[in-house]
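Colleague: I am attaching a structure below and will ask some questions about it afterwards.
The values are calculated or read from the model by the stated rules, or taken from the named source; none is laboratory data. Owing to the predicted nature of the structure, the values given are computational and were not obtained by experimental measurement. Glycine also receives a Cβ, built like all others from the backbone with ideal geometry; neighbour counts cover every protein chain displayed. In case anyone asks, the SASA skips ligands and DNA or RNA and just uses the protein heavy atoms, side chains included. Shrake-Rupley method; radii C 1.70, N 1.55, O 1.52, S 1.80 Å.
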Amino acid sequence: MKPETETQKRTLQEVRNYIRNKYHDEGSGHDHFHIFRVASLARKLCEEEDDVFLVQLVALLHEEMDDKMNQHANQEASLLNLLGDFKIGSGAAAIVQAIQSIGFKGGFQQKQQSRIAEIVSDADALEAMGAIGIGRTFYYAGAHHNPFHDPDLEQVVVRDFHDYRHLKRNCIAHFDEKLLKLHDRMKTRKGQEFALKRHQVLEDFYQEFYEELAMASDD
Ligand code: ADP
């Protein structure tokens with residue numbers, strides 16, 4: 001793996017400071033600690049031939065074009081401006097393109113991905129799985145006032161991206177619509193390997209959740 005140059009390391013530090021300042025108050029599981037974990041995981045998914053500097057930049061900036069977090073009129077222009085502020089010239093277009101293609105988005109808006117985007121997507125997916133993924137999911141649902149578990153909402157069906165973002169539903173529904181599908185969608189060799197244990201944690205939790213609900217039911 002090609003190590004970062006001293007200049008690149010300084011740039012990454014500046015980007016990390018920007019991300020910490022911007023996201024430290026984020027209250028739905030997408031704070032700077034989440035972003036830093038994605039960057040660390042992404043580094044671990046790299047192979048010999050990967051450009052770790054670009055991977056780190058994409059990982060650190062991967063929420064910058066997310067509709068949940070950033071709603072600028074022109075997201076692409078504002079990200080290009082930001083990259084300019086960090087003096088990132090060559091690679092800027094590849095970074096924007098990679099970030100545009102990241103995000104599960106209910107599976108409704110899948111885009112062609114570069115190798116860099118695949119690495120960061122896998123790292124982001126790992127963050128949505130396992131113990132941390134379960135924690136983040138319930139945290140997100142709480143922050144968005146979705147119920148912990150309302151039996152009347154069990155049949156809610158998500159039909160499109162708008163539903164995916166806005167429909168009131170149980171927290172556990174997010175396991176069916178996203179979390180339990182992720183292990184099958186991992187693109188990188190190491191991502192597939194790391195996903196095995198995290199997927200099992202999700203499966204075990206899901207089964208236990210429904211067993212406990214059944215035990216607490218009157219019928
Ligand atoms: P996307 O929003 O495209 O699914 P993100 O990576 O931005 O992807 O979402 C990150 C995490 O936020 C999810 O893995 C999950 O933990 C949480 N999250 C997103 N939508 C929901 C939801 N409707 N209910 C519960 N958690 C959610």
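Colleague: Of all helices (runs of 4 or more DSSP H) completely enclosed by segment 1-117, which ones contain at least 3 residues that are more than 25 Å from residue 193 (Cβ to Cβ)?
Modeller: Per the criteria, 6-23, 75-85, 92-100.
Colleague: Any residue in segment 143-158 that is more than 23 Å from residue 68 (Cα to Cα) and acidic (Asp, Glu) sitting within a Cβ distance under 8 Å of a residue that is part of a loop (DSSP other than H, G, I, E, B) and within 14 Å of the ligand (Cβ to nearest atom)? List the pairs, counting only those 6 or more apart or interchain.
Modeller: Note: pairs meeting the criteria are 150/170; 154/170.
Colleague: When segment 103-117 is examined, which residues are found to be near the ligand (Cβ under 8 Å from one of its atoms) and not aromatic (Phe, Trp, Tyr)?
Modeller: 103, 105, 106
Colleague: Now for a separate question. Any residue in segment 111-134 that is without any contact (Cβ under 8 Å) to a residue 24 or more places away in the chain sitting within a Cβ distance under 8 Å of a residue that is of a type in the set (Ser, Thr, Tyr) and more than 10 Å from the ligand (Cβ to nearest atom)? List the pairs, counting only those 6 or more apart or interchain.
Modeller: 111/101; 112/101; 114/101
Colleague: Taking the criterion of being farther than 26 Å from residue 33 by Cβ and out of contact with any Leu (no Cβ under 6 Å at 6 or more places or on another chain), would at least one residue in segment 118-134 satisfy it? Give the steps one after another, and end with the answer.
Modeller: Initially, segment 118-134 is screened for residues farther than 26 Å from residue 33 by Cβ, giving none.
No, there is no match, as no residue in segment 118-134 is farther than 26 Å from residue 33 by Cβ and out of contact with any Leu (no Cβ under 6 Å at 6 or more places or on another chain).
Colleague: For segment 118-146, which positions are part of a loop (DSSP other than H, G, I, E, B) and more than 9 Å from the ligand (Cβ to nearest atom)? Before the answer, list the steps.
Modeller: At the first step, the residues of segment 118-146 found to be part of a loop (DSSP other than H, G, I, E, B) are 128-129, 144-146.
Hit for segment 118-146 is 145, nothing else.
Colleague: For segment 150-159, check the following and say yes or no: at least one residue is surrounded by 13 or more Cβ atoms within 10 Å (Cβ to Cβ) and under 30 Å from residue 50 (Cα atoms).
Modeller: Initial filter on segment 150-159 (surrounded by 13 or more Cβ atoms within 10 Å (Cβ to Cβ)): 150, 153, 156, 158.
Remaining after also requiring under 30 Å from residue 50 (Cα atoms): none.
No, there is no match, as no residue in segment 150-159 is surrounded by 13 or more Cβ atoms within 10 Å (Cβ to Cβ) and under 30 Å from residue 50 (Cα atoms).
Colleague: Something else now. Which residue is nearest to residue 134 (Cα to Cα), if the candidates are limited to segment 147-166 and must be in contact with a Phe, Trp or Tyr (Cβ under 8 Å, 6 or more places away or on another chain) and either within 9 Å of the ligand (Cβ to nearest atom) or in a helix (DSSP H, G or I) (or both)? Step through it out loud before you land on a result.
Modeller: Within segment 147-166, the subset in contact with a Phe, Trp or Tyr (Cβ under 8 Å, 6 or more places away or on another chain) is 148, 158, 160-161, 164.
Cutting the leftovers down to either within 9 Å of the ligand (Cβ to nearest atom) or in a helix (DSSP H, G or I) (or both) gives us 158, 161, 164.
Values: 158: 20, 161: 22, 164: 18 Å.
For segment 147-166, the residue satisfying everything is 164.
Colleague: Could you run through segment 167-186 and say how many residues are open to solvent by 30 Å² or more (accessible area, probe 1.4 Å) and either within 23 Å of residue 217 (Cβ to Cβ) or near the ligand (Cβ under 9 Å from one of its atoms) (or both)?
Modeller: So the answer is 6.
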